[in-house]
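Everything on this sheet refers to the single structure shown next.
The values are calculated or read from the model by the stated rules, or taken from the named source; none is laboratory data. It should be emphasised that the depicted structure is a prediction, and the values quoted were computed from it without experimental measurement. When we count neighbours, we look across all protein chains shown, and the Cβ atoms used for this are built from the backbone with ideal geometry, even at glycine.
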């Protein structure tokens, strides 16, 4: 297995151009005073959350997790999709996938160097994958032992170290968190049918037992959290998203993927970036085409799902 100490799945950039233009709401002359003041309050709260984002405009997004060990290869074969989806694409049983965590030993991980690199690149904030679809958390979670502290040899709270480094350098820090898809914990959602019997369970129970507590941990122990990027909202409804949003800090900016209606309160993440026809859309299409080309003709038929 490859060493995870120096291998990152990807580092990307985020720009303030992905902010959804939402005008400030003004009271109607004939509308109730209470309703108008509520709209103004919501607009003012959003403006407070988004002010730093509009000023920052450029950030660094780090994709990192247990999937960095196989690095897109399983049993001698390259997967035709995104490396972080390898558990699902290759239908890897959980007990086999657990071995990747045993090899995940980030001995050369230096969060201060990450922050310095972000500064040098001109980034004004950072985002890191706190938990992706494989359910593995880079932080010390009390809700699960499938995390960097309990399941890897180093026993390090990787997010805790990064959060401390960011605070020392006044670098705003945000997290990507897969609230719906979770291929490890019973009841977690998955695009397509589950492949391991231990994945079976109730989705609402999973939200209450894993997703909501972990988001609460991220916001309570690793803050201040500048922004949260939720992802692939399979099975998520506005009511289910509300259970997660209830634990979010008022000043944390949130993207448009808490639920399937794209009702997030602040930031456009995807799929709108592929629809605008601008430079970001062209870059995304070019990157996806190059990925398919490297993977071979079979990948073109399977397509590339959203990250």
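Observations
- Some residue of the range 185-195 being outside any loop (DSSP other than H, G, I, E, B) and within 28 Å of residue 50 (Cα to Cα): no
- Unmet criterion (only one of (1) farther than 28 Å from residue 191 by Cβ; (2) under 18 Å from the mean Cα position of the chain (by Cα)) for residue 117: (2)
- Screening residue 149 against (1) part of a helix (DSSP H, G or I); (2) farther than 18 Å from residue 216 by Cβ leaves a single unmet condition, (2).
- A count restricted to the range 117-168 and to residues that are buried (at least 17 other Cβ atoms within 10 Å of the Cβ) and touching a residue at least 12 places away in the same chain (Cβ under 8 Å) stands at 36.
Yes or no, residue by residue, for (1) modelled with pLDDT of 95 or more; (2) in a loop (DSSP other than H, G, I, E, B); (3) in contact with a helix residue (DSSP H, G or I) (Cβ under 8 Å, 6 or more places away or on another chain); (4) more than 23 Å from residue 87 (Cβ to Cβ):
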residue: 205; (1), (2), (3), (4): yes, no, no, no
residue: 214; (1), (2), (3), (4): yes, no, no, no
residue: 219; (1), (2), (3), (4): yes, no, no, yes
residue: 239; (1), (2), (3), (4): no, no, no, yes
residue: 259; (1), (2), (3), (4): no, yes, yes, yes
residue: 265; (1), (2), (3), (4): no, yes, yes, yes
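- Unique match (being assigned to a loop (DSSP other than H, G, I, E, B), out of contact with any strand residue (DSSP E or B) (no Cβ under 7 Å at 6 or more places or on another chain), surrounded by 14 or more Cβ atoms within 10 Å (Cβ to Cβ) and modelled with pLDDT of 80 or more) among 101, 71, 27, 4: 71
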